[in-house]
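Remarks on the structure that follows.
The values are calculated or read from the model by the stated rules, or taken from the named source; none is laboratory data. Nothing here was measured: the structure is a model prediction, and the numbers come from that model. Every residue, glycine as well, gets a Cβ built from its backbone with ideal geometry; the counts of neighbours run over all protein chains shown.
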Amino acid sequence: MMDEAFLPLNSIIDKILDIPGDFKDEDSGVHSYIYEIEIGTPIELDISTNEDGTVRIGTVPPLYRVDTSFRPSYHSITINAEKYTASEDGE
Amino acid sequence: MLKNIQHLKMANDNKYWNLEDFVDSLVVELDKTRETLAIKAINKPLTYTVKDLAIDLNIFPTFDGDQIRFITAQPGQEGASKVNIQLGSITDQQVRATTKMSGLKNDTKIEEIGIDTKTQKKLRKLGVSSVDDLQAVEKKQVDIQRATDNEIDYKTLANQIQKSRRNQTPPKVTAVSLSLDEDKRPYLHVRGENLTLDKQYAPVTVINNTLAEVMEFSANELKILLNKDHITQQESELIMTFDPYTLVKMNIRL
């Protein structure tokens, strides 16, 4: 079982990429949007194995911002994302 | 405080894993992200797709004489090795070409066809997440059994798919009546929906543990020839099988 403080990797990626990339200034008639973005963050990992040997990846951004002598092990993830354009048939 | 305890618990549960299994899971997670994206893009015009992804892991490797396995560094542990995994880019066109919409109404997910979790995961690794995907693989003459080193029994899988499809169109009996045929022989006229859907399987009927001859059958009706033994004036048990996945049992008075 994955620790409940952690989320599956795909959920974290979905949340990280769920950004409002539109910038509109109707008064001056400017409309900009982000077409490519790179996001890097330290993460904590909970890697566990199922009974059949497959691996489950649980991730969570660092939970605490306080310096302690007993530090979690921070791994890191860098996601390079670009604007997605759906094709006309919706696929 | 509770989360701290959970973290300590997690650290104790830390287990060794294979790099191959880890990368497989990473790919599956990214596939899921793409599936979500295809749906999200319908309502949200500005969405972002993962072009590439790099993950830095603090790990301790171990070699057991057979294979190298890894364990993630636990809180407070120092001197861990760093492994950097980079998954290459996938273009927008490739996403369109390779990602299909998930959750289509007439598409059956492999989780819904009653196969064991291990087979589901093996299929997912092969990029098969629905019955439609399986059919696409079949069309290309790919032997799934061989592709998975005989870990997937294709015959069992095909049976499960047929069973699942049949479950979506269950037989429904709307009326049962007694009639006489041209030779004045009594027969039981069963009417309904989705009775015999696959012509390669002739229906088999049993009345009170005795086989009864099926005279005619179609998706909407069934005519069962009766003999003297069948007509008892008492409640009789009628069992009808329309294919290997469907069995209808009912009590009637003949």
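Assorted remarks:
- Among residues of region B:115-150 being at pLDDT 75 or above and among the small types (Gly, Ala, Ser), the one that is nearest to B:Lys163 (Cα to Cα) is B:Ser130.
- Qualifying position, being hydroxyl-bearing (Ser, Thr, Tyr) and closer than 30 Å to B:Thr117 by Cα, among B:Thr210, B:Thr169: B:Thr169
- Members of region B:76-99 found to be part of a loop (DSSP other than H, G, I, E, B) and at pLDDT 80 or above, listed by number: B:Gln77, B:Glu78, B:Gly79, B:Ala80
- Tallying residues that are surrounded by 12 or more Cβ atoms within 10 Å (Cβ to Cβ), more than 7 Å from chain B (Cβ to nearest Cβ) and assigned to a loop (DSSP other than H, G, I, E, B) within region A:36-73 yields 4.
- Residues that are out of contact with any Lys or Arg (no Cβ under 7 Å at 6 or more places or on another chain), part of a helix (DSSP H, G or I) and either polar (S, T, N, Q) or touching a residue at least 24 places away in the same chain (Cβ under 8 Å) (or both), drawn from region A:1-35: A:Leu9, A:Ser11, A:Ile12, A:Ile13, A:Ile16, A:Leu17
- Residue list for region B:31-51, restricted to those being within 7 Å of another protein chain (Cβ to nearest Cβ), without any contact (Cβ under 8 Å) to a residue 60 or more places away in the chain and crowded, with 16+ Cβ neighbours inside 10 Å: B:Lys32, B:Thr33, B:Thr36, B:Ala41, B:Thr47, B:Tyr48, B:Thr49, B:Val50, B:Lys51
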